[in-house]
Amino acid sequence: MLTFKGYYRKDGSVGTANYWLVFPLVFCENKNIEIIKEAISDALGCNKYHKYKAFAKIQLNQILNFSDGPDNTLFKTTTDIHRPFKNVDGVKFITHQMGCGGTRQDARTLCGLLAGYLTNPNVAGATVLSLGCQNAQYEILRDELSSRDSYFDKPVYYFDQQTLGTEDILIEESIKATLKGMSIANTQERKEAPLSKLVIGLECGGSDGFSGISANPTVGYVSDMVVTLGGTAVLAEFPELCGVEQELCNRCATDELAVKFLDLMHRYEKSAIFVGSGFDMNPSPGNIKDGLITDAMKSAGAAKKGGTSPITDVLDYPQKVTKTGLNLLNTPGNDVESTTALAGSGCNIILFTTGLGTPTGNPVVPVIKISSNSDLTQRMSDIIDFNAGVVIEGKLGIADAADQLLSYIIAVASGEIQAKATINEQNDFIPWKRGVSL
């Protein structure tokens, strides 16, 4: 039986990583999050961008001294990053521009998304910062946590600036709590888990004319394999399902799911039309230049990421995945908003196909980039993990390419190798703001 080595959580889910998370409930705390990030990253010796600091100093000295200097290249680091907590994959810091000033519905939705990150199996616990007077109150976050996991017991340390007083107290207490939390997370170890514990997010971005022929069908084949083994796949980006609604409705396990899917699609499109846009404006200039000139054409290829499995559930953002099999999740086509949502719904790994190239990643979920063509793999080798261009070239069939991709997924899920987005620290996080600012 195929397995991966992951982190078991008390709710029965299994993480492909073990992260400590630090986030604010409101944008007012973003600066303090950045201060804590800098302090802890330096203390742990995991600031990979020290070489750029050295490079900038060299350039400044050369400009001030009007000298070219001996070497303009980046310093090469030869020492390994110090990892005092061997079983912790890292501490991740996220910021956002929400939490107050918008609708109450957006504040609750934000808390739902953040609760999704806390309950994600890749997260061991979190440090939460609050100003105190914002719309996104901690009580709402606790309610959202309870709705997702009534027995939630991961350590969460909450700090309210208006209660504590000075920034010094807030930052010092947050640093102490974060390091304490990491030491607790460090007690967990990877163990063998069946592939039925995988919850795979299906995403595409920077698509080209080959995406629907090579990368997306390969991912769809993997999706079907995981579902067949009792696992879960989640297909997002509703604007990029416009034009294939009937095919997806035919695959829904019940009529009620088909009705829910169509209702979400229609309400979403109406909201876009209301502000002077529409699903027809989804294809980007890059998509159009490479042949995807209409949303229906783009959708026909994008939907192939979902394979051929029956659809067992339809979710609205930011609902949590509760059923195995293929799920549909209502998200924008925006790459980062969609990957942010997939992680918030419980995905523990994300497959991201691209034909033009994009660096998008996620703070807590490995994002594996699959190229639709070999030229992209060679040209942007620092962001591409797997080359599905071999399908176009006739070197491998879809099934064989999917077998190789599944092996790569297992290695990433087991912590044996890192996805390029993780190596590059591409920790993108953008919540979907559906309401207006007030």
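Bear in mind these aren't lab numbers, they're just calculated from the coordinates by the rules spelled out. Since we're looking at a predicted model, the values are computed, not measured. Here Cβ is always computed from backbone atoms with ideal geometry, including for glycine, and neighbour counts include all displayed protein chains.
Positive end of the dipole of the chain, charges at C-beta (+1 Lys, Arg; -1 Asp, Glu), about the Cα centre: which of Ala126, Phe27, Ile384 has its Cα farthest in that direction?
Ala126
Return the label of the correct value of Cα extents along the principal axes in Å, as calculated from the structure shown, out of [x] 58, 56, 51; [y] 71, 54, 38; [z] 56, 46, 37.
It is the one labelled [x].
Among the listed pairs Lys197/Lys298; Lys154/Lys420; Lys37/Lys197; Lys197/Lys320; Lys154/Lys260, give every one whose C-alpha distance is greater than 25 Å.
Check vs 25 Å cut-off fails for Lys197/Lys298; Lys154/Lys420; Lys37/Lys197; Lys154/Lys260.
Please report, in debye to the nearest 20, how large the charge dipole of the chain is about its Cα centre when each Lys and Arg carries +1 at its beta carbon and each Asp and Glu carries -1 there.
Its charge dipole is roughly 640 debye.
What residue among Cys252, Cys242, Cys133 shows peak mean-square fluctuation when the chain is described by a Gaussian network model with Cα springs under 10 Å?
The residue with the greatest mean-square fluctuation here is Cys133.
Among Glu38, Glu245, Glu203, rank each residue by its count of other Cβ atoms within 10 Å, from fewest to most, as a rough exposure measure.
Glu38, Glu245, Glu203
What longest region of the chain stays clear of chymotrypsin sites (Phe, Trp or Tyr not before Pro) that DSSP places outside H, G, I, E and B and that have at most 11 other Cβ atoms within 10 Å?
Longest stretch, sites excluded: 152-438.
To the nearest 500 deg cm²/dmol, what mean residue ellipticity at 222 nm is calculated for the chain from DSSP H runs of n ≥ 4 alone, each contributing -39,500 (n - 2.57), summed and divided by the residues?
-12000 deg cm²/dmol
At most 12 other Cβ atoms within 10 Å and a DSSP loop assignment: could you name the GluC sites (Glu not before Pro) in the range 315-417 that fit?
Answer in residue order: Glu393, Glu416.
Only loop residues by DSSP count here, and only those with at most 11 other Cβ atoms within 10 Å; note down the GluC sites (Glu not before Pro) in the range 100-201 that meet that.
Glu189
Which one, Val390, Val275, Val91, has the greatest fluctuation when you compute a Gaussian network model over the chain with C-alpha springs under 10 angstrom?
Taking springs between Cα atoms under 10 Å, the residue moving most is Val275.
Give the aspartates and glutamates whose C-alpha is closer than 12 Å to that of Lys369, dropping any in the same chain fewer than 8 places away, or say none.
Answer for Lys369, where 12 Å is the Cα cut-off: Glu203, Asp382, Asp385, listed by chain and number.
Let me know the longest stretch in the chain that avoids all trypsin sites (Lys or Arg not before Pro) found in a DSSP loop with at most 15 other C-beta atoms within 10 Å.
Longest run free of exposed loop sites: 87-322.
Just Met182, Met380, Met225 to compare: in a GNM of the chain, with alpha carbon springs under 10 Å, which one fluctuates most?
Met380
Around Asn348, what is the net charge, scoring Lys/Arg as +1 and Asp/Glu as -1 over all other residues with Cβ under 11 Å from its Cβ?
Charge balance near Asn348 sits at +2.
Go through Ala258, Ile175, Asn216 and say which Cα lies farthest out towards the positive end of the charge dipole of the range 126-282; charges sit on Cβ, +1 for Lys and Arg, -1 for Asp and Glu.
Projecting each Cα onto the dipole axis, the largest value belongs to Ile175.
Sort Asp208, Asp153 by Cβ crowding within 10 Å, fewest neighbours at the top.
With the sparsest Cβ surroundings first, the list reads Asp153, Asp208.
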